[in-house]
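Structure, as structure tokens:
FYI, it's all coordinate maths here, none of it is from the lab. Please read all numbers here as calculations on a predicted model, not as lab measurements. Here Cβ is always computed from backbone atoms with ideal geometry, including for glycine, and neighbour counts include all displayed protein chains.
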Amino acid sequence: MIKVADITFGRLQSPDLDVAEEFLTDFGMVKVDRTSDMLFMRGTGTDPVIHITHLGASKFLGLGFRANSMEDLEKATRLDGASEIEDIEAPGGGKVVRLNDLHGYLVEIVCGQEQVEEIHVPRMKVNSVDNQDVRTGELMRLPQGPSHVKRVGHAIIMTTDLRGATKWYRENLGLVSSDEVYVEGDKEKVIATFNRVDAGEEFVDHHTLTYVQGEKIGLNHISFEVHDIDDVAMGHAYLHSKEKYDHMWGIGRHVLGSQVFDYWCDPWGRVHEHWTDSDRLNNKNPGNMIPVEEGFASQWGESVPERFITHSIP
């Protein structure tokens, strides 16, 4: 087993790269490179690529995770079914070890990617009741346009084997439990696991990979951090103004993870989430058992729609 540092990109397949690029740009990403059969998008952060699209029938291919060191990457070659260390054919270069998870999705453990310069996003300061003079003499005037996606934050995958799928990532990539959601008042009847990377005393996002028990296997959604709550709302207004994208759920604030969220479907039904303001946990935070009535609720905003709970795109 190794302990990965973080999730770093998602890999999907789409039948039209022009349409894919338009959606991802409207969603708030920036094109890095494009070939005849591949599209590479980045965010405003330092990761050279956060979303990779292959040309082909609509499909979720897998996820990339960053190793802490080349030593860990070497250890990853000893995981069951793992490749040798190979070159990454993507912006930023670096090395990769590839293997498949329990459901056959591609898992890429990467190291040595060349980081890029962060894209500066000017933001207005925000006054509060306790401090009304954070912004003085300036008018709040937000630019109209897409959100500013910074980085990929997590993925949610539907599974027919919750225990097996969760065990695979915990035993191979070192993920640990933040919360487990149960039903019928029975803590043995777990229907979802929220898993984060294990960075010891360092604080990390509440969840990096979540599995939800369902009737079929597939991607529920892939999630991307934006810069603040205004950025979530600005992106919502911009995507809505296009009058061609399917809005799945939001704006609201989760219970588990506490993120402010907004979910949109791409043209092939793969859900992409904008979020900001996640809980940050470390090894002083034990895993919790949460009843479904609390775990799948919103602290504010509309209740979770049924089609989101069951959503799964292979």
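Laid out as a table, the results:
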quantity: Net charge of neighbours whose Cβ lies under 15 Å from the Cβ of ASN283, counting Lys and Arg as +1 and Asp and Glu as -1; calculated: 0
quantity: Proximal lysines relative to LYS59, as straight alpha-carbon distance under 29 Å, when same-chain residues fewer than 8 apart are discounted; calculated: LYS3, LYS31, LYS95, LYS150, LYS167, LYS216, LYS242, LYS244
quantity: Ranked by how many other beta carbons lie within 10 Å on average, peptides 70-82, 271-283 from highest; calculated: 271-283, 70-82
quantity: Taking the C-alpha atoms of the chain, convex hull volume expressed per residue in Å³; calculated: 144
quantity: Charged-residue dipole, Cβ positions (Lys, Arg, Asp, Glu), the stretch 270-314 about Cα centre, Debye nearest 20; calculated: 240
quantity: Per-residue ³J(HN,Hα) for the stretch 228-237, Karplus 6.51 cos²θ - 1.76 cosθ + 1.60, θ = phi - 60°, Hz, x for Gly and Pro; calculated: 6, 5, 4, 5, 4, 5, 4, x, 4, 5
quantity: Whole-Å distance, taken between Cα centres, linking the stretch 256-285 and the stretch 77-97; calculated: 27
quantity: Within the chain: Cβ-based charge dipole about Cα centre, in debye rounded to nearest 20 (Lys, Arg +1; Asp, Glu -1); calculated: 100
quantity: Under the Karplus curve 6.51 cos²θ - 1.76 cosθ + 1.60, θ = phi - 60°, whole-Hz ³J(HN,Hα) for the stretch 52-66, x wherever Gly or Pro sits; calculated: 10, 10, 9, 7, x, 4, 3, 6, 8, 9, x, 10, x, 10, 8
quantity: Shape parameters for the stretch 33-88, alpha-carbon atoms, Rg then Dmax in Å; calculated: 14.0, 37
quantity: Label zone at SER69 (point 7 Å along Cα-to-Cβ), backbone N below 17 Å, the stretch 96-116; calculated: 110-113
quantity: Cα-Cα separations in the stretch 1-112 greater than 22 Å, expressed as whole percent; calculated: 32
quantity: Kirkwood hydrodynamic radius over Cα pairs of the stretch 82-181, then Stokes diffusion coefficient at 25 °C and 0.890 mPa s, in µm²/s; calculated: 133
quantity: Calculated FRET efficiency for the pair GLN132/GLU243, C-beta based, R₀ 30 Å, to 0.05; calculated: 0.20
quantity: Fraction of antiparallel bridges per DSSP, the chain only, in percent to nearest 5; calculated: 70
